[in-house]
Amino acid sequence: MSAPSTPSSRPTVTEREARQVAEAAREQDWRKPSFAKELFLGRFRLDLLHPHPLPADEDVQRGEEFLAKLRDFCETKIDAAVIERDARIPDDVITGLKELGAFGMKIDTKYGGLGLTQVYYNKALALVGSANPAIGALLSAHQSIGVPQPLKMFGTQQQKDTFLPRCARTDISAFLLTEPDVGSDPARLATTAVRDGDDYVLDGVKLWTTNGVVADLLVVMARVPKPQNGEGGKDGRGGITAFVVEAASEGITVENRNAFMGLRGLENGVTRFHRVRVPAANRIGPEGAGLKIALTTLNTGRLSLPAMCVGAGKWCLKIAREWSAVREQWGKPVALHEAVGSKISFIAATTFALEAVLDLSSQMADEDRNDIRIEAALAKLYGSEMACLMADELVQIRGGRGFETAASLEARGERAVPAEQLLRDLRINRIFEGSTEIMHLLIAREAVDAHLSVAGDLIDPDKTLSDKARAGAQAGAFYAKWLPKLVAGPGQLPRSYGDFHPFGHPDLSGHLRYVERTARKLARSTFYAMSRWQGRMETKQGFLGRIVDIGAELFAMSAACVRAEHLRTRDDHGREAYQLADAFCRQSRIRVEELFGRLWSNTDDLDRKVVKGVLGGAYEWLEQGVVDPSGDGPWIADATPGASAKENVRRAIG
């Protein structure tokens, strides 16, 4: 049977159509409680976090046993300097990780996996990521967003039986969504999957395919044409659809292995599909469900990234402590100079808070009692931003040695501390799995969901007058009940949250009262902004970003306090945990107050004018006096479908 003709043009969509695609992929309902959702509504639901949820004893035993094996492997089999030097994870290391079961950490034991909880999966990623972040990225991309997770959530039993045993022990998987001209706007996805009998035929180009160079199995997002075009699938209505694809299939070419400023061992490439036949049985879910599958997978998949940020924070603290104790200036260790000591305090307190956010979110994911889509997104956003700050502070503490490579330090006889490498490796985390800017918008959309549910039709230009009238009545009823509750709360009562002020410990109850009061202030600010800007609210991205950042700080403060109390009740460094939580909350409160000030006092309007001037060429004179070493190539590579003219650089391992 002949293959259908290859499409030749990229879909053209308007801004409104792009938003509609993204909105349709959102999980619309809130079937379970969400601490973060309530927080943005001004309701501080500490009962959803405290007492701290705990894993089952058998999960702890299984997890600790694996961590012990993984630690031994990291210490004896992984040479981080070799990976950095050769820009490649050695095959024997990857094979060893397969034999250890590290590729099946999240896969159920009935399919040959280890069946670890999210908590212990994240602990494992933090551990292996500290040995080398590229290995953490390899394992995370494989099972957080690669084949195992979407099949676990949306796959048929036949698909699970076929692919999960392979993913648990032998095969590496990758997730392919991004294209040369498509990042966070999937409405413009150009890769197509055209139904042809019992198969789909894939054509297109995918960019930044983490694990794609060495993968055996791929999750590919492609657009199935609408049925009315005469090419659509008989099983659905077309749209962005997910497929499991064998990486060795005829017509697949890995055209390039990309190189980056960090994560030098990352197997990330460009993959071209030319008339690649994929059995319809390999489609995950119905046609058109691909983007929803991707976003739902990321709801918990995003927790893998902050896990490695926690590992980075722990290493930063270790190096800062050891170095600052032996390095002396002006007659005493540099740690005892306030300018350096404040940086060490920031690293210690922030690492404690990040681990609190991660463990709490992960345990909630394991229990599946709460909807953690916002919590996981906040953990990713906050973890990636704060980890970069901690690594930057470590480089500053190390001074010139922080800027020097580990190989150079070793060559001249000093300890090979890869501080500058960590800074380079962590930088991608602010872009991976949703950039900071996109995370701000994604979280903001969820944060205002309750408002849009009751009042969205009021600001929708396409709604009729009768629709707006109904929305007005609905909104009036909602706000009549909601707004009065933002006036007063437990945060104004001196003895609220008294459990968090045990004798002989710092007082954390005051921080929780601050969170409660500030959550109500945050909700009032959001409501005022929506009333002021209405339909233009979505264009106020600076404002929305600050709202989200305040929410992230409040979530982190809450998690830090809950973790400190949890450790105290277990007699597990409780006094020290209270000190770290107190320090973090005091630092966080300063940041929150600065963010509130910038909600209404900022340069957002002026910045927009300057941007228009830049794009219009008004300031080109400012660019004179330099040379541009960039070269003359196109800004975006040509991704026209067709046969590949390049050598296939894919390499199979094992």
* Report, ordered by the first and then the second residue, all pairs with beta carbons closer than 7 Å, sequence separation of six or more or different chains, a first member in region 68-89 that is in a helix (DSSP H, G or I), and a second member that is among the β-branched types (Val, Ile, Thr). => Leu70/Val128; Cys74/Val128; Lys77/Val93; Ile83/Ile89
* **Where Thr271 falls short, out of the listed (1) assigned to a helix (DSSP H, G or I); (2) crowded, with 23+ Cβ neighbours inside 10 Å** => (1)
* Asked: Of (1) closer than 27 Å to Thr178 by Cα; (2) surrounded by fewer than 19 Cβ atoms within 10 Å (Cβ to Cβ); (3) in contact with a helix residue (DSSP H, G or I) (Cβ under 7 Å, 6 or more places away or on another chain), Gly434 satisfies all except one. Which?
  -> (2)
* **Looking only at region 437-454, and only at residues there that are buried (at least 21 other Cβ atoms within 10 Å of the Cβ) and hydrophobic (A, V, I, L, M, F, W, C), the one that is nearest to Arg398 (Cα to Cα)** => Met439
* **Checking Arg598 against (1) in a helix (DSSP H, G or I); (2) open to solvent by 80 Å² or more (accessible area, probe 1.4 Å); (3) more than 30 Å from Phe527 (Cα to Cα); (4) in contact (Cβ under 8 Å) with a residue 24 or more places away in the chain, the condition it does not meet** => (3)
* Identify, by number, the condition in (1) open to solvent by less than 10 Å² (accessible area, probe 1.4 Å); (2) touching an Asp or Glu at 6+ places or on another chain (Cβ under 9 Å) that Ser558 doesn't meet. => (2)
* **Selected residue (criterion: most open to solvent (accessible area, probe 1.4 Å)) from residues of region 513-528 that are touching a residue at least 40 places away in the same chain (Cβ under 8 Å) and over 17 Å from Ile590 (Cβ atoms)** => Arg524
* Look at Met390 and say whether it is buried (at least 18 other Cβ atoms within 10 Å of the Cβ), over 30 Å from Pro33 (Cβ atoms) and not hydroxyl-bearing (Ser, Thr, Tyr). => yes
* Asked: What number of residues within region 460-496 satisfy the criterion of being part of a loop (DSSP other than H, G, I, E, B) and touching a residue at least 40 places away in the same chain (Cβ under 8 Å)?
  -> 3
* Could you please find all residues in region 442-476 being closer than 22 Å to Asp185 by Cα and in contact with a helix residue (DSSP H, G or I) (Cβ under 7 Å, 6 or more places away or on another chain)? => Leu442, Ile443, Ala444, Glu446, Ala447, Val448
* To do: Test Arg45 against the stated conditions and say whether it is modelled with pLDDT under 95 and at negative phi.
  => no
* So how many residues does region 409-423 have that are in contact with a Leu (Cβ under 9 Å, 6 or more places away or on another chain) and either surrounded by fewer than 18 Cβ atoms within 10 Å (Cβ to Cβ) or under 30 Å from Gln20 (Cα atoms) (or both)? -> 2
* Structure fact -> Wholly inside region 154-219, strands (runs of 3 or more DSSP E) that include 1 or more residues that are surrounded by 24 or more Cβ atoms within 10 Å (Cβ to Cβ) and of a type outside the set (A, V, I, L, M, F, W, C) are 173-176, 199-210
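The values are calculated or read from the model by the stated rules, or taken from the named source; none is laboratory data. Remember, predicted model here, so these are calculated numbers, not experimental data. Virtual Cβ from ideal backbone geometry, glycine too; neighbours counted across all protein chains shown. Surface accessibility is based on the protein's heavy atoms, side chains included, excluding ligands, DNA and RNA. Shrake-Rupley method; radii C 1.70, N 1.55, O 1.52, S 1.80 Å.
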